[in-house]
Amino acid sequence: MGGRLKVSFTVVTVIIGFMLAIQFQTVQEPVVRDTRDVWELREALLKEKELNSNLNTEMRSVEGKLEQYKEQQESSPEEALKQTLEELKAEAGLTEKEGPGLTLTIEPVEEELLLGEPVKNVSPQLLERLINELNKYDATDISIDGHRLVNTSVIRDINGETKVDGYSIRSLPFEVRVLTADYATAEKLYNRMQVSQSLEDFFIDNLRVNISKPLEDLKIPAYEDTIRVRLMEPVKETGGNG
């Protein structure tokens, strides 16, 4: 019995020690909790609701287009294909587009010019950061200095010059035009850009970004070059069913 008592006592001691160790570890490393306040949580919830609403709207739009395409295909296949082609060209940025949006004018800081400090051209990094921020705030179409941006557009430095799809951005000031889905979204974009970190980043480089009030009808040009599709080829039809 004495041996069994010693074993039981040992087991109980080990269990208690293990529990104490876990409790000590919990005290030393508290669980990270969400520290956002009520308003931040409400804003996050609102963004999720907006995203869900946009997805539902897009789904209804696509379903409507499919039904319309089926009806047109039965009555006039050629007209259905023509309309689909025009829609695809518009989505790809190959047509001029007009709608609500705003204009950002990038220009040198006059105070720095008065001091005689040279103003460098805008860097690709600044432009890319600005474009990413505009896309984050629901921009639908963007042009830089008259050049339309598409999914394959590239902004980079070539021999000391900032180029957008091969076109140099040499002169200041120049415009960045932004279209949105509707006027309300343009107003939201305007308010968000007023407190944007990008504006401070431009100012550090002696550049100022002037943001226009939201406009009802703003035009941006079509993409001028040929869009090259890589790593894609037509499917070859075979005689079999598989």
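Values quoted throughout were computed directly from the atomic coordinates according to the rules given, and no laboratory measurement underlies them. Since the structure is predicted, the reported quantities are computational estimates derived from the model, not experimental observations. Neighbour counts are summed over all protein chains in view; Cβ atoms, including those assigned to glycine, are modelled from backbone coordinates with ideal geometry.
Results, tabulated for the structure shown:
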{"quantity": "Residues S53 and L85, FRET efficiency given R0 of 30 Å [Cβ-Cβ distance, rounded to 0.05]", "calculated": "0.50"}
{"quantity": "Karplus-derived HN-Hα couplings along segment 195-208 (A = 6.51, B = -1.76, C = 1.60, θ = phi - 60°), whole Hz, x at Gly and Pro", "calculated": "10, 6, 5, 4, 4, 5, 5, 5, 5, 4, 8, 6, 10, 10"}
{"quantity": "Förster radius 45 Å - calculated FRET efficiency between V38 and A92 (Cβ-Cβ, nearest 0.05)", "calculated": "0.55"}
{"quantity": "Spatially near lysine pairs across segment 97-220, Cα under 23 Å, sequence gap of 8 or more or different chains", "calculated": "13"}
{"quantity": "Extension reserve of the V62-D217 stretch, reckoned as 0.36 nm per residue once the Cα distance is removed", "calculated": "53.3 nm"}
{"quantity": "Normalised per residue, the volume of the convex hull around the Cα set of segment 97-220 (Å³)", "calculated": "97 Å³"}
